[in-house]
Structure formats: structure tokens, C-alpha cells
Amino acid sequence: MHIANEERLLEALTPNERRALDGASRKLLASLETETFTARDSSDREVQMEITRNSVETKPGSGEWFTGKVYLDAVAAPIGASRLSATSVHFTPGARTHWHTHPNGQTIYVTEGVGLAQCRGGPIEVIRPGDRVFFEPGEEHWHGASPNRFMTHLAMLEVDDEGNNATWGDPVTDEEYGGDA
Ligand code: MN
């Protein structure tokens, strides 16, 4: 099976799955190509592996949410009953999120470079590849690159009942970003 457009994808869904798709999900799905590979396992059961070829372009991060230049690659998007959202976020030196919270918390996993992260009222922590940070639900925080290094992290969270992934606040000022680090 090879799905190359939205109509054919929608045909493959159950009516309930179709209703659960919002406009953004439909648009994202329409830009993906999914291939299903069928095989037989050792018990002669039919098994399937699905590969989604990502043809979504890297998106610049919005100035409403980020200071400096940030680029986003979609890794997983909520669809139907799945609430998982995962994004590979590339921060250029000095770039960072605004202050924000996540309804169900968030895990970030640093894959490249050197970054900084801070919870409101806490110290600025340096984060490096292999480091993992969990921000609790509703905890106000920011994360970004260090002043002179790029930083890439995988950001993983579960959206809430309404599909919200974050509540955004004020930018992290240069004074806050400089902090005591
Ligand atoms: Mn966050």
C-alpha cells in the first residue's frame, strides 16, 4: 500500500479516526507519504512495518514563542487517540524559548551542542548531549542554546484533551538569559 495523497489516506481510516483529525493533522498527513511493508514472522503470522517518509520542510520557530533563530522538524504528531508530540528543535547560538508551561509536562533529550534550561526561581543549568530533562506539568521554564553554541534537542510531550501542547508567556530577557551562568 502506498498512500500519496489526502483522499487515499482518509479512505484508509475508520469514521471515528476520520472525525478525530483536525485541520492541521490533515494538512500534515497530506504532506507525508506512508509505505506499509508486509512480512511473515516465524509463527507464519502476517506482520506489518510502516515507514512514513518525511517530506515536511523544516519550519522556522515563531517569534511568538522563541527569541533568536530556531528551526523545527516534526518527529511525531498527535493523531486520533495518540497524544504524542515529538519535535526535533534546533537552536542557533543564543536562541531560546520564551517562558512557558506544558499541560502534561515535557521531556527534552539533548542530541547536539550545549544548551541551557531553567525553571522559574531555579538556577540556569547547562545541558549536553545525552542529558534528559523532565519539566513537570504546569512548571514554568525555558530551554535553549548556550550563547556561543548550537543546541539540538528532541522535545517530547503529550497534548491535553483540547490538543494544546504549551501555554506561552514572556520572552526570556537578556538579563535573565545571562543570569548567573
Ligand atoms: Mn518546554
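Sequentially through the stretch 145-153, phi angles give Karplus couplings (6.51, -1.76, 1.60; θ = phi - 60°) of 7, 6, x, 10, 9, 5, 8, 10, 9 Hz, Gly and Pro residues having no value and appearing as x.
Given a Förster distance of 30 angstrom, what is the FRET efficiency for T58 paired with D161, based on the Cβ-Cβ distance and rounded to 0.05?
0.55
Distance between the pseudo-spin-label points of D170 and T34 (7 Å out from Cα toward the beta carbon): 4.4 nm. Using the count of nearby Cβ atoms within 10 Å as a rough guide to exposure, how do R132, R83 rank from fewest to most? Starting with the residue having the fewest Cβ neighbours, the order is R132, R83. Amide H contacts of I79 (H built 1.01 Å from N, in plane; Pro and chain starts excluded): L84 sit under 5 Å, all sequence-distant by 5 or more or on other chains.
No value in this document is a laboratory result; all are computed from the given coordinates. Note that the structure is predicted; figures quoted are calculated from it, not measured. Every residue, glycine among them, receives a Cβ derived from its backbone with ideal geometry; neighbour counts consider all protein chains shown.
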